[in-house]
1. Could you check the stretch 244-258 and list, in sequence order, the residues that are surrounded by fewer than 19 Cβ atoms within 10 Å (Cβ to Cβ) and over 20 Å from residue 154 (Cβ atoms)?
2. Which of the following residues is within 26 Å of the chain's Cα centre (by Cα) and modelled with pLDDT under 95: 15, 44, 65?
3. Can you run down the residue pairs with Cβ atoms below 7 Å, 6 or more apart or on separate chains, where the first is in the stretch 114-129 and in a strand (DSSP E or B) and the partner is modelled with pLDDT of 70 or more?
4. Restricting attention to the stretch 11-30, and to residues there that are touching a helix residue (DSSP H, G or I) at 6+ places or on another chain (Cβ under 6 Å) and in a strand (DSSP E or B), which single residue is nearest to residue 61 (Cα to Cα)?
5. With the structure loaded, tell me whether residue 53 is touching a residue at least 60 places away in the same chain (Cβ under 8 Å) and assigned to a strand (DSSP E or B) or whether it fails that test.
6. All but one of (1) in contact with a helix residue (DSSP H, G or I) (Cβ under 7 Å, 6 or more places away or on another chain); (2) closer than 27 Å to residue 16 by Cα hold for residue 69; which doesn't?
7. For the stretch 146-158, check the following and say yes or no: at least one residue is assigned to a helix (DSSP H, G or I), modelled with pLDDT under 60, in contact with a helix residue (DSSP H, G or I) (Cβ under 7 Å, 6 or more places away or on another chain) and farther than 14 Å from residue 269 by Cα.
8. What is the number of the single condition among (1) at pLDDT 90 or above; (2) surrounded by 16 or more Cβ atoms within 10 Å (Cβ to Cβ); (3) not assigned by TED's automatic domain parsing to the domain that holds residue 57 that residue 182 does not meet?
């Protein structure tokens, strides 16, 4: 199955300390061009993300967006310096004793917390290895969603191209049937003109045959129609085989267009010319669709 180069995928998951969200978007591009956007703290994951994308996507401009939202209260912890707090309590009590009990000293936990270094706020140590694995896990799901969308679009593209290929074969069949008739018509017109010119003089059958043969050689499109049929067969085979065939399909469409142009240049018949115009129109539409295939 062929796949489109355009697509979108998204996945998110909540872990113990954070929620990770990964989004992917892609548009057509001749080669694979992957751009990753993620928080500065996790830039170390960029190369791993690109490698993961490369295993799934071979062509297209891909943008990967990674966001990480910390759970409330998980990032920082508050701790008590118990030895220092006890020392402050002991010092306050000593002050009360020194006052001889004349001055009553009262203090609460809030008062104690105001003393320097009793409370300290610490940032939790980041487990970078675990974070990298979690990002990779969510990315894998986003890639699966992204790839499924590309496959659905690829099916639509394939159906459209195959339908146009059938139309091309119909045009080719008409040209193959009509081409011999143009030679017969040319011969009849040639005899008529020579009769009009020579009037009562006897015609030379050999001369007429020679002229007709030369005309038939000039307008013969057998080789071109055979190659067109062969190219259409290859087109079908590539689409059925699937995979990253976009570049090969693009080259094949160029060959289809070349054969159509040759038939058009040889055509000396209005009906064939009309069919060639329609045929080239179908090839152009296939070319536009092929530009979207990976």
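The values are calculated or read from the model by the stated rules, or taken from the named source; none is laboratory data. All values reported here derive from a predicted model rather than from experimental measurement. Note that each Cβ is placed from the backbone with ideal geometry, even for glycine, and that neighbours are counted across all protein chains shown.
1. Answer for the stretch 244-258, where residues must be surrounded by fewer than 19 Cβ atoms within 10 Å (Cβ to Cβ) and over 20 Å from residue 154 (Cβ atoms): 254, 255, 257, 258.
2. Going through 15, 44, 65 in turn, just one is within 26 Å of the chain's Cα centre (by Cα) and modelled with pLDDT under 95: 44.
3. Qualifying pairs under 7 Å: 119/78; 119/80; 119/113; 120/79; 120/81; 121/78; 122/77; 122/79.
4. Per the stated criteria, the residue is 24.
5. Numbers: touching a residue at least 60 places away in the same chain (Cβ under 8 Å): yes; assigned to a strand (DSSP E or B): no.
Here the answer is no, as residue 53 does not meet what is asked.
6. (1)
7. No.
8. With (1) at pLDDT 90 or above; (2) surrounded by 16 or more Cβ atoms within 10 Å (Cβ to Cβ); (3) not assigned by TED's automatic domain parsing to the domain that holds residue 57 applied to residue 182, the lone miss is (1).
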